Amino acid sequence: MQTTPGLIQHIRLARQPIVDRDLVTMGYELLYRAQDVDQVARISNSNQATASVVINALTEIGLDILVGTQQAFVNVPLKLLFNEVLKGISSRQLVLEILETVECNESTAGAMNALKASGFRLALDDFPADDLSLPCVAAAHYVKLDVLSEGAEKIAQTVEKAHAAGLKVVAEKVEEWSDFELLKAAGVDFFQGHFYARPEMIIRQSIRANKANLLSLLILLQDENVAMDAVTEKINTDLALTYRLLRLVNSAAIGMRRKVESVADAVRMLGLNTIRSMVYLSALTGVDGKPPALIKTAMIRARFAELLAKKTGMASPPSAFMVGLFSTLDAFYDQPIRQIVDELPLSDSIASALVSREGSLGEILEYVIFYERGVWLEGDEVTEQLNAVAPQLYVEAVNWAEQMN
């Protein structure tokens, strides 16, 4: 099946290895790339760029694919440094690089210490070699010194002072092997630059999220006392958000790796702070696109399956909803459904229903798909039970999907 134009986007980011003195990779810097054919940064909004890198790394591509068990360095501008949003997705794999445009004062040090307490490691990016006595230095784990702007010899003279301040030194923009040898002899801990590897582009196909849904959910989440059920219901109406939510549950960065039966399970596992962070970062990325026919099909299937399960008692209604919602993912991603399911923390019953139509959830899904094609099934007792209630429930499902859109 061909994907629908305008609904699918290609997620792009680049990664560049950071190596130790023996040229063993200790991590990667994840770099923003525009969501088009350009292979350059073209950053017009640093907050949007950081949000895009973080949400794509955690929920679209996955840190396990991007960096394995190693560290992921991500640039953080002023606004996100002083915002609570990053605390909701804290990860010991993420190293937040505080940009050189952020003033290294007591206020910055306080914000950095708060992020450190949440589990992040911190680096000072493109940091001037002469500024190692400034207040924010004590809050960092790494200092990244720019060889092209500072010069290899000046950095070599700075290493001892940086180590005395408790910092690991990363020499970045190392272009020549001779600079690497000089800096290695001076005691630099890690290296990044074209002498070893240029940034590598990573591309993944993804569903485009709907900005209206994101913003309405963001407004809902401003209420500190918002009910979990209300959040779950809103997420249930957006396939892209639901997919991101489950990817986040399954992310090694978050440290869960648990099976879920429904969106409600995922919301409870992550908690509202993490949900707020995911939605806020998703909204910042600037995604848009009105859901077309394929999204509508997914919504009708989800609601129809949920109503059938509830009416007949054959299966859990929330699980049936998820099965119906995710039954079109292979069309969105142009990938076998088994491959997609393997990337999500779905319960065995939901996975079996999606991949091989097994179990009561599989029976409901198979019935839903035949019904939408106009095929009236006859035969066993289960089918007759579904036939008895399907006409009315299908109309209800269609009407519900129209209202959601």
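The values are calculated or read from the model by the stated rules, or taken from the named source; none is laboratory data. Note that the structure is predicted; figures quoted are calculated from it, not measured. Note that we place each Cβ from the backbone using ideal geometry, even for glycine, and neighbour counts take in every protein chain shown. Note: accessible area is taken over every heavy atom of the protein model, side chains too, but ligands, DNA and RNA are not part of it. Shrake-Rupley method; radii C 1.70, N 1.55, O 1.52, S 1.80 Å.
Things worth noting here:
- Take the range 297-405 with all the other protein chains still there, run a 1.4 Å probe, and you get 44 Å² of accessible area per residue.
- Filter on Lys144/Lys184; Lys234/Lys310; Lys144/Lys173; Lys116/Lys168; Lys87/Lys116; Lys79/Lys173 - keep pairs with C-alpha separation over 18 Å: Lys234/Lys310; Lys79/Lys173
- Cβ-based net charge around Gly166, under 14 Å, with every Lys or Arg adding one and every Asp or Glu removing one: +2
- Of Phe180, Leu167, Tyr196, farthest towards positive along the dipole that unit charges on Lys, Arg, Asp, Glu beta carbons give the range 157-196: Leu167
- Using the Karplus relation 6.51 cos²θ - 1.76 cosθ + 1.60 with θ = phi - 60°, the per-residue 3J(HN,Hα) values for the range 99-108 come to 5, 5, 6, 8, 5, 8, 10, 5, 5, 5 Hz, with x marking Gly and Pro.
- Met112, Met269, reordered so the largest accessible area comes first (probe 1.4 Å): Met269, Met112
- For the range 306-382, GluC sites (Glu not before Pro) meeting the loop criterion (DSSP other than H, G, I, E, B) and having at most 10 other Cβ atoms within 10 Å: Glu378.
- Two-site label geometry, Asp348 and Val226: point separation in nm, points 7 Å out along Cα→Cβ: 3.5 nm
- Between Glu175 and Gln392, the modelled label-to-label distance comes to 7.5 nm, taking each label 7 Å out from Cα in the direction of the beta carbon.
- Inter-probe distance in nm under a simple model that places probes 7 Å from Cα toward Cβ, at Ala197 and Leu78: 3.4 nm
- Taking a Cβ cut-off of under 11 Å around Leu377, the surrounding Lys, Arg, Asp and Glu residues balance to a net charge of -4, with basic ones at +1 and acidic ones at -1.
- Per-residue packing, averaged as other Cβ atoms within 10 Å, sorts the ranges 223-229, 26-32, 334-340, 63-69 into the order 26-32, 63-69, 334-340, 223-229, beginning with the highest.
- Heavy atoms of Val24 accessible to a 1.4 Å probe, total area in Å² rounded to 10: 80 Å²
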